[in-house]
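Student: Before anything else, here's the structure in question.
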Amino acid sequence: MKVTLTTQKREKPDFAKLGFGRYFTDHMLVMEYNDGAWQEPEIIPYNDFRLSPATTVLHYGQGIFDGLKAYKNAEGKITLFRPYDNFNRINNSARRLCMPPIDVNKMVECLKELIRIDADWIPTAPGTSLYIRPTMIGADPQLGVHPAHHYLFYIILSPVGSYYAGGLKPTKIMVEEQYVRAPIGGTGEAKCMGNYAASLLAGELANKKGYDQVLWLDGKEHKYVEEVGSMNMFFVMDGVVRTPALVGSILPGITRDSVIKVCKKAGIPVEECRISEDEVLEALERGTLSEAFGSGTAAVISPVGVLHAKGRDHIINNNEMGKITSFLYDKITGIQYGRLPDEFGWIVKVN
Ligand code: COI
């Protein structure tokens with residue numbers, strides 16, 4: 001792989017005040033798809049792109065991305081969490097949007113090289129990490145609705161703190177009763193750009209009412225809970241950890257899958273199933289819904305303290321992080337940061 005190092009290092013931000021997705025490292029990886037094949041990837045200094053105003057992605061949204069993280073421990077050892085799963089998911093998203101697949105093993109090796117070059121950008125304070133954003137866009141400089149012939153794949157790196165400003169403070173979520181995110185057969189299970197654009201209006205309206213996010217209902221009956229857009233959802237009901245089944249409209253989260261596997265190994269009953277809004281509300285009324293939390297690469301494990309549904313706020317677990325949520329947070333972040341043994345083979349060494 002060709003590597004061109006920057007001659008002008010960027011100024012580092014205050015690592016104690018990172019927030020999410022505001023700063024980018026010195027280098028990026030780029031790879032072009034021309035004449036029916038991916039060309040050799042290159043590492044270059046982080047820079048703006050020059051794109052034709054007619055570029056496919058800017059008009060027809062032929063664009064996908066993913067998100068994963070690298071961690072550095074106190075001894076300077078750098079690791080990635082489940083990168084093969086993320087790159088496989090990129091290929092699933094690519095297939096849905098008629099985009100060419102990438103070579104997963106090769107890309108993980110190229111990513112490791114990029115991270116080694118920008119290793120001094122990985123924050124080490126608790127709760128911080130290096131967020132990795134692989135992206136693929138249709139890049140024909142031409143109008144007309146059809147799959148592009150040229151593509152651009154790139155990876156940028158961003159040192160991050162927690163996704164939600166409140167950190168581990170339980171979030172307030174509102175069930176979205178008017179708009180839908182994705183119907184079955186749509187693009188809901190692909191990590192494509194349009195899904196996020198489609199979620200903005202409902203999110204803004206919810207924010208104005210004082211809620212952090214919306215909980216989407218299914219696109220057909222408006223009856224079953226699905227996901228939160230930035231997180232998959234889990235409800236602890238009658239002692240069982242339940243999450244909406246992957247019916248085709250929900251993103252197959254890697255952290256979601258990690259939660260399920262950790263629960264199974266720890267002997268915590270866990271179930272993937274259809275969960276209706278009514279069932280959630282009944283469990284809240286009966287006092288059998290003890291915890292709710294979201295999972296995601298950016299969000300990690302995020303407790304939900306308030307669920308607004310059918311005109312009123314329902315407080316969950318006294319608006320505090322519950323026992324199972326804490327256990328899963330400690331276990332998954334423990335494996336990610338190398339504090340706990342990796343019983344699942346999820347960690348990939350970078351150096
Ligand atoms: C992630 O969790 O990595 C995502 O891409 C979600 C996004 C809202 C930041």
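Student: Do any residues in the range 54-76 that are over 22 Å from Tyr196 (Cα atoms) and in a loop (DSSP other than H, G, I, E, B) have Cβ atoms under 9 Å from those of residues that are of a type in the set (A, V, I, L, M) and more than 16 Å from the ligand (Cβ to nearest atom), where the two are at least six apart or on different chains, and which pairs are they?
Tutor: Gly76/Ala119
Student: Could I ask something else about it? Report, by residue number, each residue of the range 291-329 that is among the β-branched types (Val, Ile, Thr) and either surrounded by 18 or more Cβ atoms within 10 Å (Cβ to Cβ) or out of contact with any Leu (no Cβ under 9 Å at 6 or more places or on another chain) (or both).
Tutor: Narrowing the range 291-329 to residues among the β-branched types (Val, Ile, Thr): 297, 300-301, 304, 306, 315-316, 324-325.
Result: Thr297, Val300, Ile301, Val304, Val306, Ile316, Ile324, Thr325.
Student: Does Arg22 qualify as being outside the structural domain of Ser249 (by TED's automatic domain parsing), within 16 Å of the ligand (Cβ to nearest atom), under 27 Å from Gly229 (Cβ atoms) and surrounded by 15 or more Cβ atoms within 10 Å (Cβ to Cβ)?
Tutor: So Arg22 does not fit the description; no.
Student: Which ones in the range 1-19 are in a loop (DSSP other than H, G, I, E, B), away from the ligand (no atom under 16 Å from the Cβ) and under 25 Å from the mean Cα position of the chain (by Cα)?
Tutor: Lys12, Pro13, Asp14
Student: Contact list please: Cβ distance under 8 Å, first residue in the range 325-351 and under 9 Å from Val262 (Cβ atoms), second residue of a type in the set (Asp, Glu), pairs at least six apart or on different chains.
Tutor: Ile335/Asp342; Ile335/Glu343
Student: Something else: For the range 313-334, what are the residues that are among the hydrophobic types (A, V, I, L, M, F, W, C) and in contact with a strand residue (DSSP E or B) (Cβ under 8 Å, 6 or more places away or on another chain)?
Tutor: Ile315, Ile316, Met321, Ile324, Leu328, Ile332
Student: Let me ask another. Just to be sure before I move on: is Tyr33 within 25 Å of Val145 (Cβ to Cβ), assigned by TED's automatic domain parsing to the domain that holds Thr124 and not in a helix (DSSP H, G or I) in the structure I sent?
Tutor: Here the answer is yes, as Tyr33 does meet what is asked.
Student: Which residue out of Thr243, Thr288 is among the polar types (S, T, N, Q) and surrounded by 14 or more Cβ atoms within 10 Å (Cβ to Cβ)?
Tutor: Checking each option against the conditions leaves just Thr243.
Student: Collect the residues in the range 113-132 that are surrounded by 18 or more Cβ atoms within 10 Å (Cβ to Cβ) and under 10 Å from Lys72 (Cβ atoms), keeping them in residue-number order.
Tutor: Ile115, Trp121, Ile122, Pro123, Thr128, Ser129, Leu130
Student: Moving on to the next point. Can you name every residue in the range 105-136 that is outside any loop (DSSP other than H, G, I, E, B) and within 16 Å of the ligand (Cβ to nearest atom)?
Tutor: Listed by number, the residues that qualify are Leu111, Ser129, Leu130, Tyr131, Ile132, Arg133, Pro134, Thr135, Met136.
Student: Now, a different point. When you scan the range 56-71, do you find a residue that is in contact with a helix residue (DSSP H, G or I) (Cβ under 8 Å, 6 or more places away or on another chain) and at pLDDT below 95, even just one?
Tutor: Checking the range 56-71: not a single residue is in contact with a helix residue (DSSP H, G or I) (Cβ under 8 Å, 6 or more places away or on another chain) and at pLDDT below 95.
Student: Continuing with this model, one more query. Considering only residues of the range 195-219 that are over 19 Å from Val306 (Cα atoms) and touching a strand residue (DSSP E or B) at 6+ places or on another chain (Cβ under 8 Å), which is surrounded by the most Cβ atoms within 10 Å (Cβ to Cβ)?
Tutor: Taking the candidates together, the pick is Asp218.
Student: Pick from the range 229-244 the residues that are closer than 18 Å to Ser290 by Cβ and hydrophobic (A, V, I, L, M, F, W, C): which of them is nearest to the ligand (Cβ to nearest atom)?
Tutor: Met233
Student: Considering only residues of the range 248-267 that are in a helix (DSSP H, G or I) and more than 16 Å from the ligand (Cβ to nearest atom), which is farthest from Asp85 (Cα to Cα)?
Tutor: Restricting to residues being in a helix (DSSP H, G or I) and more than 16 Å from the ligand (Cβ to nearest atom), the top hit is Ala266.
Student: A further question follows. State whether one or more residues within the range 23-44 are charged (D, E, K, R) and within 30 Å of Phe344 (Cα to Cα).
Tutor: no
Student: Could I ask something else about it? Against the conditions (1) assigned to a strand (DSSP E or B); (2) within 21 Å of the chain's Cα centre (by Cα), where does Glu271 fall short? Just the number, please.
Tutor: Going through the list (1) assigned to a strand (DSSP E or B); (2) within 21 Å of the chain's Cα centre (by Cα), Glu271 breaks only (2).
Student: So, in the range 296-351, how many residues would count as being within 30 Å of Asn207 (Cα to Cα) and not aromatic (Phe, Trp, Tyr)?
Tutor: So the count comes out to 35.
The values are calculated or read from the model by the stated rules, or taken from the named source; none is laboratory data. Note that the coordinates shown come from a computational prediction; the quantities given were computed from them, not determined experimentally. When we count neighbours, we look across all protein chains shown, and the Cβ atoms used for this are built from the backbone with ideal geometry, even at glycine.
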